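All remarks here apply to the structure that follows.
The values are calculated or read from the model by the stated rules, or taken from the named source; none is laboratory data. Owing to the predicted nature of the structure, the values given are computational and were not obtained by experimental measurement. Here Cβ is always computed from backbone atoms with ideal geometry, including for glycine, and neighbour counts include all displayed protein chains. Calculation scope for accessible area: heavy atoms of the full protein, side chains included, ligands and nucleic acids excluded. Shrake-Rupley method; radii C 1.70, N 1.55, O 1.52, S 1.80 Å.
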Amino acid sequence: MAGEEDDSVNGVDDSGVPAWLRSATRHGGPDADDTLATSRALRRAMSVTGKPRQAAVLVLFGGSSDGAAGSPPADAEVLLTQRASTMRQHRGQVAFPGGAADPGDDGPVGTALREAVEETGLDASGVQPFATLPTLFVPPSKFDVTPVLAWWRQPSEVRVVDQGETERVVRVPLSELLDPAHRFMVRGSLGYQSPAFQVDGMLVWGLTGGILAGVIKTAGWERDWDRGDVRDLESSLAAVGMTL
């Protein structure tokens, strides 16, 4: 963290954020796992072919202020969306609300909040961003994505706003993501591996799975799970009615 004195992480105010969430930014943010390290390596390799486009995602956690560092409260949750199966890129995938930066956005935080409102209809006045994480490169879309951590201080109703872009908007209990029975690794046909979570009839993997795994580890929320459980990506998607 940047320090308790100035109540900010990467210039974002984190005053009033519960201790259990502030722990997600200790040591400067989540440690890179294999997925995120690969993403950075790919970004370096791609940098000579053109400048990546900028994007941001909102990693929005809800939950009471109860709970100490490393111990989220029972009502802790995270907001996820499932992209429409008709989209050209990332169709059907589970993701955080977010998207490409617009010229009028106030940096990654502005992009993440605007996109979240457009996708889920949430009331941004009840959302408190408190940290930005290192930018990650997404090869298929050639985006540099900045994850923005936020606390849902005053949760509001959320829904699918545009069915052409989003199929589901889901508030997933953090306890389900932390359950070792719901965690494993997936491997694609080209050897790509990713942390994965199977929750609420969805497979969370790729960039979203990697960010979640990193935040969970850094925050001290992780419970022992079988990292040797590596499953075929396409089979894992088919098991929950999803496809690549």
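For the range 106-244, the convex hull spanned by the alpha carbon atoms encloses 132 Å³ per residue. Amide H to amide H, with H built 1.01 Å from N, Glu167 comes under 5 Å of Gln82, Arg83, Ala84, counting only residues 5 or more places away or on other chains.
For GluC sites (Glu not before Pro), the sites in the range 112-205 that DSSP calls loop and that have at most 14 other Cβ atoms within 10 Å are Glu157.
Using 0.36 nm times the number of residues separating Gln154 and Asp229, minus their current alpha carbon distance, what extension gain do you get?
Numbers: separation 75, 0.36 × 75 = 27.00 nm, distance 3.76 nm.
Computed gain between Gln154 and Asp229 is 23.2 nm.
The phi torsions of the range 71-85, fed into the Karplus equation with coefficients 6.51, -1.76 and 1.60 and a -60° offset, translate into couplings of 9, x, x, 5, 8, 5, 8, 9, 8, 10, 10, 10, 5, 5, 6 Hz, rounded to whole numbers, with Gly and Pro shown as x. Note that the range 168-244 presents 43 Å² accessible area per residue, ligands and nucleic acids not counted, probe 1.4 Å. For Gly70, the residues 5 or more places off, or on other chains, whose built amide H falls under 5 Å of its own are Ser23. Taken along the Cα-to-beta-carbon direction at a fixed 7 Å, the label points for Tyr192 and Thr243 span 1.8 nm. For the range 61-167, the fraction of C-alpha pairs more than 22 angstrom apart is 35%. Using unit Cβ charges (K, R positive; D, E negative) and no other charged atoms, how large, in debye to the nearest 20, is the dipole of the range 125-244 about its Cα centre? Computed about the Cα centre, the dipole is about 240 debye. Remark on Phe130: its backbone amide H falls under 5 Å from those of Leu149, Ala150, Trp151, a criterion applied only to residues 5 or more positions apart or on other chains, H modelled at 1.01 Å from N.
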